[in-house]
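For reference, the structure discussed in these notes is given below.
The values are calculated or read from the model by the stated rules, or taken from the named source; none is laboratory data. What you are looking at is a predicted structure, and each value in this text was computed from that prediction instead of being measured. Neighbour counts are summed over all protein chains in view; Cβ atoms, including those assigned to glycine, are modelled from backbone coordinates with ideal geometry.
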């Protein structure tokens, strides 16, 4: 018989904070909104071609620039989150997305659409995406794949190695 009664015993359930699940679902909603806006561009493709009498390549450039901005600069969202906190960064990203969509809505030329949507929405998407994935992972005290299920299928490599030190409050 072992001198340590805990040897061989199954560990008891870990008491996780319920607030962690609020964070998981809040980040799920935020990521659904930002990537829903970014990837809904296809719905506006033909109207942009018709409205601006633009070539399909010029309209495709808008989405390509948006993707380029948020994939290339995405790691900076984590750095901003470290410095300013995830709430500020996610909120600022949502404001950038709203301004980019508004700018594209009032644009009078394809160049204005490219700048408003391509750069504005691209900058808006990069800000919340990385902090949302990071905050989700630090909202719990134990590792769990269940909490990752709602939105971790496309976690960027740039975010997977960073952990923010910013408080959740």
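The table below gives the values:
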{"quantity": "Breaking point among (1) surrounded by 15 or more Cβ atoms within 10 Å (Cβ to Cβ); (2) part of a helix (DSSP H, G or I); (3) in contact with a helix residue (DSSP H, G or I) (Cβ under 7 Å, 6 or more places away or on another chain), for residue 54", "calculated": "(2)"}
{"quantity": "Yes/no for residue 91 being in a helix (DSSP H, G or I) and touching a helix residue (DSSP H, G or I) at 6+ places or on another chain (Cβ under 8 Å)", "calculated": "no"}
{"quantity": "Filter pass, residue 146 being modelled with pLDDT of 85 or more and out of contact with any strand residue (DSSP E or B) (no Cβ under 7 Å at 6 or more places or on another chain)", "calculated": "no"}
{"quantity": "In segment 31-45, residue surrounded by the most Cβ atoms within 10 Å (Cβ to Cβ) [restricted to those that are closer than 11 Å to residue 125 by Cβ and in contact (Cβ under 8 Å) with a residue 12 or more places away in the chain]", "calculated": "34"}
{"quantity": "Enumeration of residues in segment 68-77 that are surrounded by 15 or more Cβ atoms within 10 Å (Cβ to Cβ) and either touching a helix residue (DSSP H, G or I) at 6+ places or on another chain (Cβ under 7 Å) or more than 14 Å from residue 39 (Cβ to Cβ) (or both)", "calculated": "69, 70, 73, 74, 75, 76, 77"}
